[in-house]
Amino acid sequence: MEQKGNLLEIKNLKVSFFTPAGEVKAVDDISYNMGYNEVMGIVGESGSGKSVEAYSVIGLLQNPGKVTGGSIIFEGEDILAYNEEEMRKFRGNKVSMIFQNPMTCLNPVYTIGNQLIEALTCHDKSISKEDARKRSIEMLEKVGINNAEKRMEQYPHEFSGGMRQRAMIAMALICKPKLLIADEPTTALDVTIQAQILEVMKDLQKQENTSIIFITHNLGVVAEMCDKVSVMYAGKIVEQGDVDDIFYKPAHPYTKGLLESMPRLDAVEHERLIPIEGTPIDLLNPPQGCNFGPRCKSCMKICLSKKPPVADLGKGHISACWLHFMKKEEEVK
Amino acid sequence: MFSYIVKRILAAIATVLLVMTITFFLMNAIPGSPFLTEKSTPQQIELANEKYGLNEPYIIQLKNYVVNYFKGDLGVSLKMQEGADVGTIIFGQNKFLISIKLGLLSLLTSIILGIPLGCYAAYHRGSWIDGLLRVITTVGVAVPTFVLAAVLLIVFAVKLGWLPTLSGSLDNPLAYIMPVISLAFYDICYIAKLTRTSMLDAINQDYIRTAKAKGVKNKWIVLKHALRNSLIPVVTFLGPLTAGIITGSFVVETTFSIPGLGKYFVESVLNRDYPIIMATTVLLASLVIFMNLVVDIVYKFIDPRITYTSKEA
Amino acid sequence: MKEVFKDLSPFHVNPDRVWTELNLEAADFEPATTVEKESMVEVRKSVSYWRDAARRFKKNTVSMVALVVFILIVIFAFIGPMAIPYDYEGQIRQAKGLGPNQYSKVEETIKSVEGQFDGFYATSLQRGSFTALNKGDYVINFKGKTYAFTFTEKIKNSIIAVKADEKEPLFIVEETAIRNGEVLMKTPISFTDTAKSEAKELALSKSVFPHVFGTDSVGRDLMARTMYGARVSIIIGMAAALIVLIIGSIYGAISGLCGGAVDFVMMRLVELIYSVPEVLIVLLLQVVLKEPLQAWFESSDSAFVAVLSDLGAGIVSIFITFALLYWVTMSRIVRGQVLQLKEQEYVTAARALGASNVRIIRRHLLPNCVGPLVITTCLQIPSAIFLESFLSFLGLGVSAPMASLGSLCSDALATITLFPYRLLFPGIILTIIVLSLNLVGDGLRDALDPRLKK
């Protein structure tokens, strides 16, 4: 069933962390829309604000983080206006989340079954014990856990990393949320397990018609999973577009740098990986101009003094870079 | 599970035997014989010689001592109550009973008050109550038991006259109040601090974030997810807690003149009545070791991660 | 640059508008130089671990206050005795059982005439009475001259008063000669020319020093005793912590570094010591060690033993107990650190270069686990003070006439209903010491633990 309209609209969202050393603008004025049944990848290096952005969508920002501006509209409702109880009912039910480290994300002293059933009962008080149990077992089977009935009684430490992440996915999807936020769900896993988990997520996404925000720094995963991609750098979305645009027609130097630094199977023999020089900026003292300027190979004088405007490259492909505003030589003359 | 418990019990017994051995050799390290003093009567020398076979090699003496101990024969007092059987002194004159009552009351008080206070402080972190509790608990773990006992005595018994003073017995239930508070105060504060810290630690764990993301109510996040995890370090403190209460009872019983085992032990130490010292040490050490055993088993129930084939003694 | 440009095929933005709106010119689009790029990057100065830790500690108000309080107590305990005219064992017979800031009759008398003289040789306040009196038993220095003199037997409770402008500087005022602040009779002192070699010098005091904490039942000034007791307690705490530090780190370092079977055996020993209730063993050791120690003190005549002998069997056995039982926590921490650091590359590198184990411990491992060592040692001090006061309270630690805070409390217990302040003063000082050290330790942990580093 196709639904029209946007599932999620984020407008000019700003999130800051108020540390003793000063305000850190972790997310600085980002906007995007997400449709139903869509997979959006958010790519960026550590500290680029990609997780912070996702946490504010599910209302899990931790002190001293605060949304300082903008709006998050989910199915027409501004969730930033929700009170605590409304937010709680929203979490897990409409939007759920899975995390990076499955080793620590499950409570070690309760059985998997207990934690699965809890996810159901805290949104649906009326559900009977047997139904909840049945539904949990069903869900475990869906994510590919064999022997689900027996597994329900086991503790997290009796599960392997991949199995735990499967259980996490089951727990996240048990209430049939419209949106799943996956915060680097495969980073902590072995490569073979990674592939299996991605497979499970893909299948379930299709079965359950769930939209996914997929946060990762692994471009390979993005290519495999996502419809749309946002590339984040230092709290800003520097480029956004369809997965094909991003991979085949990257416009922003940072995106290009990311692609060049990624190993490829189809690469020319002994092609060298090109790292992005320099280190991420200090968000406490962001530069006056483009955040990426000091590390950019094509950095120009203006990049160091003014923030770049966003250029619309068509079909929802946008990029924030001064290069797009450069006139051809003949035009200048 | 069963084999785990058996293993722990065996380890505990081994530790008790070790304590007995240490005690025995320490006593034997004293010049002359531990069971005799310059003032010993010939009759006592005879008694002691007969009892412990003092002319036998040490190892045989130790064996006899251990065997006698388990038979319930704890020796004969040399000074405090000349010639009286130590077992009768300890168990027959209500000394042990009074101390056990006092100790258990303190143990319960410190747990019943400490854990909820710690939880409350952690849940309302940053509030003025949390601040106040932090000040109280921080000061509380710095006040020596005897100072607290003395202050209570001065304020409530001498100045205000609300509570019975230096009664010498504990027939009046009110007489328990001051000793129990003195004994338990340090532990209440320590447990509250410990619970608060481990609670806050638990609250910052990833699984709490998961629970929040699931939409679990805040109340349940604290009571279900955080509490049980944060109790693990508190449970491990029960062993030291028992040891601390025993130690504290020496001071508290002396301060309040309570005729319990603690006071008697201190007197026997000051009077160098060796058989009493030995018997009491072994008895109290066994209590602590028993408590450690209980902790190990309770621990197993709270934290499923502990494997059955856990550490040995 | 042109190549980069070529890649941007779907190019829908009209640069003209942006140029005019923002007043841009072609020069803005020239490539930036490396220098320009670098000038934009503000690299925060990297702070060394220790400086960073010091900064964090200084920002911790509670710990800083605690540190200041502890320093004040140390000054009170170590410098205080020099500032007051009483000592811990001097018994002032006339001043038994005084309350805080009370004066004995003699002192009252002297105080009543205080304004009339410029100073006193407050003889009657000195230790002992003037029993064996000979020619030149006492000397005083007045206006640069030394006077030797003696008392006649008759004049016992008396003071020597000094007036700066008087030509004849000294006279004796008998206590009985003072009524309501008026000196009724002055007795001149006869001076002798030569002092005896062991003559006591009397110190001039301007006024009578108050007994701030009162005196005990044999007339010892309680503030002096509390200062002394605090000093004993602090020294014992520090020495015990030092013993624990040395034994614990050597044991832990060896265990961690050797690994394998050695480690296994050493750690089983640690677990054994852990499982034995230590306080009971401590009490036992106190009992057992007393006689052998005293025998040892008497038999040996080396300087070291003499020092130990001065400390007394009680204190030495406290040290022995710490050396035997209390190092296990420290050894575990050091072992953990060593195991962690052993895997670090620079240790492997050092090993590859042929450094010996001793050198690796000294040069690489110890400096790197200094943080936890400092914290544990700092927190060990209050726990040692606790234990010492506990033992002394039970009558086992230090023995009279020495005093520790615990023994002072213990002495006061018998008369607690009459003189509660005798227990309160040392008790409060003890509490403050332990509290401030605990807080300093907490602050150090927060400052030195890199896991909390932000």
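A few remarks follow.
- Residue within region A:49-60 that is over 30 Å from A:Ile281 (Cβ atoms) and not in a loop (DSSP other than H, G, I, E, B) present: no
- The single condition among (1) out of contact with any Pro (no Cβ under 9 Å at 6 or more places or on another chain); (2) away from chain A (no Cβ under 14 Å); (3) without any contact (Cβ under 8 Å) to a residue 60 or more places away in the chain that B:Phe301 does not meet is (2).
- Residue, surrounded by the fewest Cβ atoms within 10 Å (Cβ to Cβ), within region A:266-310, restricted to residues that are small (Gly, Ala, Ser) and at pLDDT below 75: A:Ala267
- Residues located in region A:132-159, provided they are free of Cβ contacts under 8 Å to residues at least 12 places away in the same chain and assigned to a loop (DSSP other than H, G, I, E, B): A:Asn146, A:Asn147
- B:Leu97 closer than 20 Å to B:Val295 by Cβ, at pLDDT 80 or above and under 21 Å from the mean Cα position of the chain (by Cα): no
- Selection status of A:Met40, at pLDDT 85 or above and within 13 Å of chain B (Cβ to nearest Cβ): no
- Residue within region B:188-198 that is more than 15 Å from B:Gly248 (Cβ to Cβ), buried (at least 18 other Cβ atoms within 10 Å of the Cβ) and within 14 Å of chain A (Cβ to nearest Cβ) present: yes
- Count of region C:309-344 residues which are of a type in the set (S, T, N, Q) and not in a helix (DSSP H, G or I): 1
- The one condition in (1) more than 27 Å from B:Leu238 (Cα to Cα); (2) within 14 Å of chain B (Cβ to nearest Cβ); (3) modelled with pLDDT of 85 or more that C:Val287 fails to fulfil: (3)
- B:Glu46 at pLDDT below 75, surrounded by fewer than 12 Cβ atoms within 10 Å (Cβ to Cβ), over 22 Å from B:Val16 (Cβ atoms) and of a type in the set (D, E, K, R): yes
Residues are listed down the side, and each one gets a yes or a no for (1) more than 7 Å from every other protein chain (Cβ to nearest Cβ); (2) at pLDDT 70 or above; (3) closer than 15 Å to A:Cys303 by Cα:
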{"site": "C:Lys6", "(1), (2), (3)": "yes, no, no"}
{"site": "C:Val18", "(1), (2), (3)": "no, no, yes"}
{"site": "C:Val43", "(1), (2), (3)": "yes, no, no"}
{"site": "C:Lys58", "(1), (2), (3)": "yes, yes, no"}
{"site": "C:Phe78", "(1), (2), (3)": "yes, yes, no"}
{"site": "C:Ile84", "(1), (2), (3)": "yes, yes, no"}
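- Comparison of A:Ser230, A:Ser211 shows that the only residue that is crowded, with 16+ Cβ neighbours inside 10 Å and within 15 Å of A:His317 (Cα to Cα) is A:Ser230.
- Just one of the listed residues (B:Leu223, B:Leu227, B:Leu261, B:Leu241) is within 27 Å of A:Phe90 (Cβ to Cβ), more than 8 Å from every other protein chain (Cβ to nearest Cβ) and either in contact with a Cys (Cβ under 8 Å, 6 or more places away or on another chain) or crowded, with 22+ Cβ neighbours inside 10 Å (or both), namely B:Leu227.
- Residue among B:Leu270, B:Leu283 that is assigned to a helix (DSSP H, G or I), within 13 Å of chain C (Cβ to nearest Cβ) and modelled with pLDDT of 85 or more: B:Leu283
- Scanning region A:207-218 for residues that are out of contact with any Ser or Thr (no Cβ under 9 Å at 6 or more places or on another chain), at pLDDT below 85 and not polar (S, T, N, Q) gives a single hit, A:Glu208.
- Selection from region C:250-284 of residues that are at the interface with chain B (Cβ under 8 Å from one of its Cβ atoms), assigned to a helix (DSSP H, G or I) and of a type outside the set (D, E, K, R): C:Leu272, C:Ser275, C:Val279, C:Leu280, C:Ile281, C:Leu283, C:Leu284
- Answer from A:Gln165, A:Gln240 - the residue that is assigned to a strand (DSSP E or B), crowded, with 23+ Cβ neighbours inside 10 Å and not aromatic (Phe, Trp, Tyr): A:Gln240
- Residues of region A:290-324 classified as in contact with a Cys (Cβ under 6 Å, 6 or more places away or on another chain) and facing chain C (nearest Cβ under 7 Å), total: 2
- Subset of region A:72-123 (residues that are in a strand (DSSP E or B) and away from chain B (no Cβ under 12 Å)): A:Ile72, A:Ile73, A:Phe74, A:Glu77, A:Asp78
The values are calculated or read from the model by the stated rules, or taken from the named source; none is laboratory data. Since we're looking at a predicted model, the values are computed, not measured. Using ideal geometry, Cβ is built from the backbone for each residue, glycine included, and neighbour counts are taken over all protein chains shown.
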